[in-house]
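A.B. asks: Once you've had a glance at the structure underneath, I'll fire off some questions.
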Amino acid sequence: MNKLKIINDPIYGFVNIPDDLIFDLIQHPYFQRLRHISQMGLSYLVYPGAHHTRFHHAIGAMHLMQTAINVLKYKNVPISPDEELAALAAILLHDIGHGPFSHALEYSIIKNISHEQLSLAIMQELNREFNGKLDLAIQIFTGKYPKKFLTELISSQIDVDRLDYLRRDSFYSGVIEGQVNSERLIKMLNVKDNQLVIDDKGIYSVEKFIISRRLMYWQVYFHKTGMMLEKILEKILLRIHDLRSQNQTVFLDDNLKYLFQDKLSKLDQKSIEIFTKLDDSDILYHLKKWINHPDFVLSHLSKMIINRENLNKIRIQKEPISPDEMSQLKQQVLAQYPIKPEDLSYLLFSGRLTHRAYNQQQHPIKLLNKDNQLIEFAKASDQLNIEALSHPVTKYYLSHPVIQSKIKTPDLKT
């Protein structure tokens, strides 16, 4: 069988599958599941075009890794064929541990386990199936391989993961402010002192990348309605836990029932097998069932996602939500909705969002000048706001159901 196929990607055109191992990994059911995992969670309820999947992203990131390695080899960076194949496998599988709706359900169904930990556990399981062919890929993925720049291509402040998802999410959401010039940035990649650096003539592309990342987070990933709906999905799963603890009957298929019993924390072969059978469609199927549940909270919240019905109001602001406002809203919600005081947090909730576009302390981006010297990016940039973008920005949100009241409340526009 000819395994050296090509995939037609809407962002990059034809993407080559360069090796039998990569083809077999793509064909594996664990990886095929990513076709049914939304890349941007529930953002398609705000941006109708954002229906792309983790499968798209993984293939795109692999393509950028292949391009980056070719650039580095052209610049005489020593990378062996085995290292190249391992880096491609590592980036291909870097998100294989995402659950349904990507980040929306992280830590909700599966307590105290990140998608990175799940990705590693699944990679180790695949490695057993493939008779150790992923040993080197796992070393690179975990940062234990001596050539640190290979790990930085997967995870750093300007890695191929970010280069793909920013460009891809911008394309599918239609938010053009997030477009980054991934080709230009990759052409500027280099290696100095075993770390990934950027040739200094690529400084303006780096500036655009940092600014685009900031815009995508506050305009798309932290869009108030999309963020609110993801919080609602988390609340639904918490409600399931509560109802089960009260011995109330809630429909769950065998796989979800297993996960709600917190058995995945073992990360054993059976747990991984069950987890890798779950995707967005399982959650949507259950939500449709839960719409008809007699519990008002579960039914009301499920309708929000399935029917986009009676959505919560939400606003984001720079100052914390005042206790007086929260107290007033609690009284109004209890007066208008058939819930108990202890259930208020399902419908009325607040929190904060924090994002830093560029972190000068963690993996700072280094520029390589013509004298073969390294300069920290923020110090070299003539953009005055780059320094400002290196500081965390925190905003506060408040979400509550629609209030039909004569009592005046602040203007909480959707």
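The values are calculated or read from the model by the stated rules, or taken from the named source; none is laboratory data. In this text the structure is predicted, and so the values were computed from the model without any measurement. Neighbour counts run over all protein chains shown; Cβ positions are idealised from the backbone, glycine included.
A.B. asks: Outside the structural domain of Pro29 (by TED's automatic domain parsing), under 30 Å from Phe31 (Cα atoms) and not in a helix (DSSP H, G or I): which single residue out of Leu259, Leu284, Leu278 fits that description?
C.D. replies: Within the list Leu259, Leu284, Leu278, the selection yields Leu278.
A.B. asks: Condition first: outside any loop (DSSP other than H, G, I, E, B) and over 30 Å from Gln219 (Cα atoms). Can you find one or more residues in the stretch 308-324 that meet it?
C.D. replies: no
A.B. asks: Please go through the stretch 1-30 and pick out each residue that is surrounded by 15 or more Cβ atoms within 10 Å (Cβ to Cβ), aromatic (Phe, Trp, Tyr) and within 21 Å of Thr67 (Cβ to Cβ).
C.D. replies: Across the stretch 1-30, the qualifying residues are Tyr12, Phe23.
A.B. asks: Part of a helix (DSSP H, G or I), hydrophobic (A, V, I, L, M, F, W, C) and without any contact (Cβ under 8 Å) to a residue 40 or more places away in the chain: is that true of Leu126 in this structure?
C.D. replies: Taking the combined requirement at face value, the residue does not satisfy it.
A.B. asks: For the stretch 64-96, which residues satisfy the criterion of being free of Cβ contacts under 8 Å to residues at least 60 places away in the same chain and either of a type in the set (S, T, N, Q) or touching a Ser or Thr at 6+ places or on another chain (Cβ under 7 Å) (or both)?
C.D. replies: The answer is Gln66, Asn70, Asn76, Ser80.
A.B. asks: Within the stretch 15-43, how many residues are hydroxyl-bearing (Ser, Thr, Tyr) and either modelled with pLDDT under 95 or touching a Phe, Trp or Tyr at 6+ places or on another chain (Cβ under 9 Å) (or both)?
C.D. replies: 2
A.B. asks: Only one of (1) assigned to a loop (DSSP other than H, G, I, E, B); (2) modelled with pLDDT of 95 or more is not met by Ile113, so which one is it?
C.D. replies: (2)
A.B. asks: So, restricting to helices (runs of 4 or more DSSP H) that lie completely within the stretch 327-396, which ones have at least 3 residues that are farther than 30 Å from Leu153 by Cα?
C.D. replies: Output list reads 344-347.
A.B. asks: Can you pull out every residue in the stretch 27-86 that is at positive phi and over 19 Å from the mean Cα position of the chain (by Cα)?
C.D. replies: Listed by number, the list holds a single entry, Asn76.
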